[in-house]
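Student: Mind looking over this structure? Questions follow.
The values are calculated or read from the model by the stated rules, or taken from the named source; none is laboratory data. Computed from a predicted structure; not experimentally measured. All Cβ positions, even for glycine, are placed from backbone atoms using ideal geometry, and neighbour counts span all protein chains on display.
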Amino acid sequence: MNKNARQLKIREILQQNNVGNQHDLLSLLRSSGMVVAQATLSRDCAELGIIRARTAGGYRLVYPEDHAGRIIKGLVGVEVLNITSNETSVIIKTLPGRAHGVGSYLDQLKSPLILGTIAGDDTVLVIPASIQNIEAVIAHIHKNVSKN
């Protein structure tokens, strides 16, 4: 199965099912006849911008639609507790267990100011493209995770 077909199937599954995590998604893919490694599924989810979002029925994996951006921004704003920096990097403190979602959200924005993020349980390390732009990176983060 090629990458495009696999990613199309992932989107189809997420639109038709409430999927709580990647393990559940992997099971649904396998039950549909697709053999996929966990690492491959994880890369596909990152490329597709799939995030784990809180819904009325609990957490689930979602494929963000264009109009969902404002909703996701609001959720991320609630999850971010503090943003600090030094001369070389930016640290975002989040609610416990939410750093991955915040990091994925920032990565999905594809800002040229940010090389990438590394997320733990409640901390996101934001690596700027240039240490000369730390203030611009912080402003970009504040703008995109505001609670408004």
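Student: Tell me which residues, restricted to segment 69-97, are surrounded by fewer than 15 Cβ atoms within 10 Å (Cβ to Cβ) and either outside any strand (DSSP E or B) or modelled with pLDDT under 90 (or both).
Tutor: Gly69, Arg70, Ile71, Gly74, Val78, Asn86, Glu87, Thr88, Leu95, Pro96, Gly97
Student: Only residues that are surrounded by fewer than 11 Cβ atoms within 10 Å (Cβ to Cβ) and among the β-branched types (Val, Ile, Thr): list them for segment 14-42, please.
Tutor: Residue satisfying the conditions is Val35 alone.
Student: When both residues are 6+ apart or on different chains and their Cβ atoms are under 7 Å apart, which pairs have a first residue that lies in segment 52-68 and is more than 18 Å from Ala99 (Cβ to Cβ) and modelled with pLDDT under 65, and a second that is part of a helix (DSSP H, G or I) and not small (Gly, Ala, Ser)?
Tutor: Every condition considered, the pairs that remain are Pro64/Ile72.
Student: Let me ask another. Looking only at residues in segment 98-126 that are out of contact with any strand residue (DSSP E or B) (no Cβ under 8 Å at 6 or more places or on another chain) and either surrounded by fewer than 19 Cβ atoms within 10 Å (Cβ to Cβ) or of a type in the set (A, V, I, L, M, F, W, C) (or both), which one is farthest from Arg52 (Cα to Cα)?
Tutor: Pro112
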